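What follows is a short report on a single structure.
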Amino acid sequence: DAMVIQNPRYQVTQFGKPVTLSCSQTLNHNVMYWYQQKSSQAPKLLFHYYDKDFNNEADTPDNFQSRRPNTSFCFLDIRSPGLGDAAMYLCATSREGTSNNEQFFGPGTRLTVL
Amino acid sequence: AQRVTQPEKLLSVFKGAPVELKCNYSYSGSPELFWYVQYSRQRLQLLLRHISRESIKGFTADLNKGETSFHLKKPFAQEEDSAMYYCALANYGGSQGNLIFGKGTKLSVKP
């Protein structure tokens, strides 16, 4: 089945220790998104790629970076995780921009920071 | 500022009862609105979008620009409707647009 895959599903890291979350898709979609969702909160967009064009949300901390080496893969790098970065991280894709185009979500990676 | 508000954190109804999940939005342009749903242990997925004017799994949602609302309705709730529901607004402030989500409403349908 074509889908959005996130690895790992659960990630534990130490305070200040860099961590990378990965997302891959078999949908061949142009756009890939990373969202952060804290407990009882709305998913919040961190950044997205339209093909190779990177779009950072204005309030995304510098601590968060992303890479998209090819159409299928997108990575979220957290350079120095703090306790406040513990959250569910959702990857999503869409065929073009948002208008009339559904976003397809991965199952998420739950990040714990010790 | 663009915003989506879902006033109810939890909505509990009995099977067969009507259900309405509220969503209000704030947006300066012409809004595009969606409802996403997350069933237990499943990923977030699109339920319906206002532009399609469709009914999915018996749910409908009408955009009311005067009241800036996009409430989700179903006349007779089923137990399998129990899930987390998120209202989302397409925001074209960025280059390609993105979704602004509400905090979600957990719907619990009791037998």
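The values are calculated or read from the model by the stated rules, or taken from the named source; none is laboratory data. Because the structure is predicted, anything quoted here is derived from the model rather than measured. So basically every Cβ, Gly included, is an ideal-geometry build from the backbone, and we count neighbours across all protein chains shown. Only protein heavy atoms, including side chains, enter the accessible area calculation; ligands, DNA and RNA are left aside. Shrake-Rupley method; radii C 1.70, N 1.55, O 1.52, S 1.80 Å.
Some observations on this one:
- Stretching the chain fully between B:ASN64 and B:GLN78 yields a gain of 2.5 nm (0.36 nm per residue, less the alpha carbon separation).
- Full-extension gain in nm, A:THR26 to A:SER80, via 0.36 nm per residue minus C-alpha separation: 16.4 nm
- Whole-angstrom Cα spans of the range B:3-110 along principal axes, big to small: 42, 31, 24
- Between B:ARG3 and A:ASP62, the modelled label-to-label distance comes to 3.0 nm, taking each label 7 Å out from Cα in the direction of the beta carbon.
- Approximating the spin labels as points 7 Å out from Cα along Cα→Cβ, the B:GLU54-to-B:LYS15 distance works out to 2.7 nm.
- Hydrodynamic radius of the protein assembly as shown per Kirkwood, over alpha carbon pairs, in Å: 18.1
- Taking every C-alpha pair closer than 8 Å and separated by at least 6 residues, the mean separation divided by the residue count of the range A:4-98 gives a relative contact order of 39 percent.
- Rounded to 5, percent antiparallel among DSSP beta bridges of the range B:3-110: 85
- Dipole magnitude of the protein assembly as shown, debye to nearest 20 (Cβ charges: Lys/Arg +1, Asp/Glu -1, about Cα centre): 500
- Annotation for the range A:6-114: trypsin sites (Lys or Arg not before Pro) lying in DSSP loop with at most 14 further Cβ atoms inside 10 Å of their Cβ are A:ARG9, A:LYS38, A:LYS52, A:ARG79, A:ARG95.
- Solvent-accessible area per residue, Å², over the protein assembly as shown with all protein chains present [probe radius 1.4 Å]: 49
- If only the Cβ of Lys and Arg carry +1 and only the Cβ of Asp and Glu carry -1, the dipole of chain A around its Cα centre is close to 340 debye.
- Where A meets B: accessible area buried, both sides, 1.4 Å probe, Å²: 1900
- Portion, in percent, of the accessible area of the protein assembly as shown that falls on carbon or sulfur, probe 1.4 Å: 48
- The calculated FRET efficiency for the pair B:LYS110 and A:MET88, based on their C-beta separation and a Förster distance of 22 Å, comes to about 0.20.
- Unit charges on C-beta of K, R, D, E only; dipole of the range A:65-114, Debye: 120
- Under the Debye formula (equal points on every Cα, no solvent term), log10 I(q)/I(0) of the range A:1-47 at q = 0.24, 0.28, 0.32 Å⁻¹: -1.13, -1.20, -1.20
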